[in-house]
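Shown next, in structure tokens, is the structure this report addresses.
The values are calculated or read from the model by the stated rules, or taken from the named source; none is laboratory data. Since the structure is predicted, the reported quantities are computational estimates derived from the model, not experimental observations. Glycine gets a Cβ as well: all are built from the backbone with ideal geometry, and neighbour counts include every protein chain shown.
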Amino acid sequence: MGEGLTQVQSKPWGLAPALAERWEQLDTSKWRFFLRDGVKFHNGAPFTADQAAWAVNFVGSKTSGAGSYGTHGDLTAQVVDRLTIDITCGVACPLLPRMVTFNMAEKDYTQTSPDAKTKPVGAGPYRLLEWRAGQFIRLEVYPDYWGSKPAFPRVDLVWRSEPLVRAAMVAAGEADFAYDIGFEQLGSVPKAAVGGANEAVAFQFNSTWHPYLKDVRLRQALAMAVDCPALVRAFLAGKGRCSPSGWTEATLGNLPEFQQLRPFDPVRARQTIKEVGAEGIELVIHTRKARFYRDVELAEAVAGFWRDVGIKARVSVDESGVWSTFLETGALKANSDPNAPLPGAPDVIIQNPSDSLLDIPSFVRRQISCKSSRSRFCDPVTIEPLLTKALAATGEERVRLSQELGKWWYENVPTLMIYELTVVYGLNKDLEYEPRPDGLVDISSDLRWSR
């Protein structure tokens with residue numbers, strides 16, 4: 001339903017114009033975006049520089065609660081003319097065009113309508129027709145969309161938490177497309193596609209505010225207590241890949257050692273846990289059901305590994321809203337001060353960060369920045385300055401700083417990365433779909449009928 005200034009398209013793969021037709025860099029922290037003329041929001045309001053600047057200023061404020069804030073940080077937009085805006089970043093931002101894919105919301109409607117959260121208005125190829133909470137979301141093609149019209153006039157999005165049920169619906173003809181049905185269901189659907197999600201499963205530690213997890217030796221011990229290849233065999237039918245760093249070989253600044261499997265050594269792990277005085281402590285792993293395939297089972301398996309080495313680990317399966325609150329209880333809520341209290345921060349929380357930018361500083365930013373609402377780590381003396389410099393650098397300097405940052409990330413384990421997410425899609429026999437490198441599914445352009 002929504003659309004950003006830019007978009008990542010699947011064919012050809014890469015960054016492409018969306019609501020902005022082109023852009024140019026004015027200096028290290030300032031970009032100019034030239035907007036597309038004639039665009040209308042779903043309520044008929046014209047898309048102008050005033051609308052775009054409002055949306056950018058909202059999302060670019062740390063008080064907005066926008067999920068993308070941890071990716072791009074502070075953003076300030078100014079209107080140049082009716083179809084031109086300048087965006088200034090809080091720090092140098094050479095990758096900004098890749099970060100403004102967030103949706104442009106319609107200003108007046110969002111500010112004044114009591115229905116803005118349940119009946120959102122965007123400028124994308126589909127508009128909301130009906131939403132029955134807990135049942136379905138019904139979309140229809142927006143006739144005044146500026147771009148190519150989607151192949152499907154109407155789309156129903158139905159939520160089913162169990163992979164087996166999703167696969168069964170495709171097999172019975174009740175659904176045409178199902179996300180993440182699991183390897184066990186490959187033979188039960190008329191057609192299937194397998195692709196990566198460009199994400200990895202992450203067990204993020206409360207590395208600054210937890211009295212024990214702040215000790216890097218404990219985090220390293222917890223890492224060596226987990227047998228990743230065994231988890232891949234158990235939950236990905238042996239077809240996945242462990243991801244010790246969370247990024248791929250193609251990521252800027254990657255080194256071979258960042259992809260090296262961590263040793264599985266429960267004896268040494270138990271010994272280290274005793275040495276740091278953490279034997280018998282309780283750690284709660286927070287997750288929510290159906291975020292990715294067999295997520296709760298994975299959490300229980302990792303908790304079992306930790307119990308084997310002397311930690312009283314347990315899993316809390318949280319309702320989505322509760323889990324989201326835990327996710328956003330990070331350094332920003334402690335005013336970016338590692339010495340300030342951070343009540344309500346989870347011991348460990350499972351998430352699946354994306355390496356969509358193929359860039360180490362951008363990947364770790366949300367996890368370790370003092371300015372991120374999702375970071376449970378904050379070091380304003382050493383790591384924050386390094387991260388800031390790496391995010392601002394270009395060329396060989398960015399590569400060098402990325403490698404320095406990657407080495408610290410791999411060795412200090414603020415977040416324990418497990419394996420890359422591999423997604424199995426169930427399809428109607430007449431539906432064509434080729435998984436994207438970033439794991440997203442764009443209904444308007446990626447899916448089509450073969451008949």
In the stretch 293-347, anything among the β-branched types (Val, Ile, Thr) and in contact (Cβ under 8 Å) with a residue 60 or more places away in the chain is listed as Val302, Val309, Ile311
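Would you mind finding the one in Lys30, Lys40 that is among the charged types (D, E, K, R) and either within 25 Å of Leu128 (Cβ to Cβ) or in the same structural domain as Glu140 (by TED's automatic domain parsing) (or both)?
Details: Lys30 fails: either within 25 Å of Leu128 (Cβ to Cβ) or in the same structural domain as Glu140 (by TED's automatic domain parsing) (or both).
Lys40 is the lone residue from the list that is among the charged types (D, E, K, R) and either within 25 Å of Leu128 (Cβ to Cβ) or in the same structural domain as Glu140 (by TED's automatic domain parsing) (or both).
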Residue check: is Ala151 free of Cβ contacts under 8 Å to residues at least 24 places away in the same chain and more than 22 Å from Ala53 (Cα to Cα)? no
Residues of the stretch 245-265 being in a loop (DSSP other than H, G, I, E, B) and charged (D, E, K, R), in sequence order, are Glu249, Arg262, Asp265
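Rundown of residues vs (1) assigned by TED's automatic domain parsing to the domain that holds Asp442; (2) charged (D, E, K, R); (3) more than 16 Å from Leu431 (Cβ to Cβ), yes/no style:
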{"position": "Tyr145", "(1), (2), (3)": "yes, no, yes"}
{"position": "Phe152", "(1), (2), (3)": "yes, no, no"}
{"position": "Val155", "(1), (2), (3)": "yes, no, no"}
{"position": "Glu162", "(1), (2), (3)": "yes, yes, yes"}
{"position": "Arg166", "(1), (2), (3)": "yes, yes, no"}
{"position": "Met169", "(1), (2), (3)": "yes, no, no"}
{"position": "Lys191", "(1), (2), (3)": "yes, yes, no"}
### Query
Just to be sure, is Phe292 at pLDDT below 95 and under 23 Å from the mean Cα position of the chain (by Cα)?
yes
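Restricting the search to the stretch 249-281, which residues are of a type in the set (Val, Ile, Thr), within 20 Å of Glu411 (Cβ to Cβ) and surrounded by fewer than 18 Cβ atoms within 10 Å (Cβ to Cβ)? First the steps, then the outcome.
First, pick out the residues of the stretch 249-281 that are of a type in the set (Val, Ile, Thr): 251, 267, 272-273, 276, 281.
Now restrict to residues that are within 20 Å of Glu411 (Cβ to Cβ): 251, 272-273, 276.
Listed by number, the list holds a single entry, Val276.
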A careful count of residues in the stretch 321-333 that are in a loop (DSSP other than H, G, I, E, B) and either touching a strand residue (DSSP E or B) at 6+ places or on another chain (Cβ under 7 Å) or farther than 15 Å from Thr415 by Cα (or both) gives 2
Matching residues in the stretch 115-157 (more than 24 Å from the chain's Cα centre (by Cα), under 21 Å from Ala178 (Cα atoms) and of a type in the set (Phe, Trp, Tyr)) number 2
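What do you reckon, is Glu199 at pLDDT below 95, closer than 30 Å to Val399 by Cβ and not in a loop (DSSP other than H, G, I, E, B)? Break it down into steps so the answer makes sense when it comes.
Details: at pLDDT below 95: yes; closer than 30 Å to Val399 by Cβ: yes; not in a loop (DSSP other than H, G, I, E, B): yes.
The answer is yes for Glu199.
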(request) Evaluate the following for Thr101: is it of a type in the set (Val, Ile, Thr), without any contact (Cβ under 8 Å) to a residue 24 or more places away in the chain and not in a helix (DSSP H, G or I)? (result) no
Filtering the stretch 269-289 for residues that are at pLDDT 95 or above and either among the aromatic types (Phe, Trp, Tyr) or touching a helix residue (DSSP H, G or I) at 6+ places or on another chain (Cβ under 6 Å) (or both) leaves a count of 9
Notebook entry, point to check: Does the stretch 56-67 contain any residue that is out of contact with any strand residue (DSSP E or B) (no Cβ under 6 Å at 6 or more places or on another chain) and modelled with pLDDT of 95 or more?
Noted result: no
Exception for Thr422 within (1) without any contact (Cβ under 8 Å) to a residue 40 or more places away in the chain; (2) touching a Lys or Arg at 6+ places or on another chain (Cβ under 7 Å) falls at (1)
Apart from one, (1) under 24 Å from Thr63 (Cβ atoms); (2) out of contact with any Phe, Trp or Tyr (no Cβ under 6 Å at 6 or more places or on another chain) all hold for Leu401; the odd one out is (1)
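Quick one: which residue in Arg376, Arg314 is outside the structural domain of His72 (by TED's automatic domain parsing) and within 23 Å of the chain's Cα centre (by Cα)? Don't jump to the end; show me each part of the working.
Details: Arg314 fails: within 23 Å of the chain's Cα centre (by Cα).
Criteria check complete, one pass: Arg376.
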Within the stretch 132-167, the count of residues that are assigned to a loop (DSSP other than H, G, I, E, B) and either out of contact with any helix residue (DSSP H, G or I) (no Cβ under 6 Å at 6 or more places or on another chain) or at pLDDT below 90 (or both) comes to 18
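If I go through the stretch 182-203 residue by residue, how many of them are more than 24 Å from the chain's Cα centre (by Cα), surrounded by fewer than 20 Cβ atoms within 10 Å (Cβ to Cβ) and among the aliphatic types (A, V, I, L, M)?
Quick first cut of the stretch 182-203, residues more than 24 Å from the chain's Cα centre (by Cα) only: 184-192.
Retained after the next criterion (residues that are surrounded by fewer than 20 Cβ atoms within 10 Å (Cβ to Cβ)): 184, 186-188, 190-192.
From what is left, the residues that are among the aliphatic types (A, V, I, L, M) are 186, 192.
Number of matching residues: 2.
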Test result for Tyr410, touching a Cys at 6+ places or on another chain (Cβ under 8 Å) and at pLDDT 95 or above:
no
Those strands (runs of 3 or more DSSP E) completely within the stretch 1-61 that have 2 or more residues that are of a type in the set (Gly, Ala, Ser), over 19 Å from the mean Cα position of the chain (by Cα) and buried (at least 18 other Cβ atoms within 10 Å of the Cβ) are none
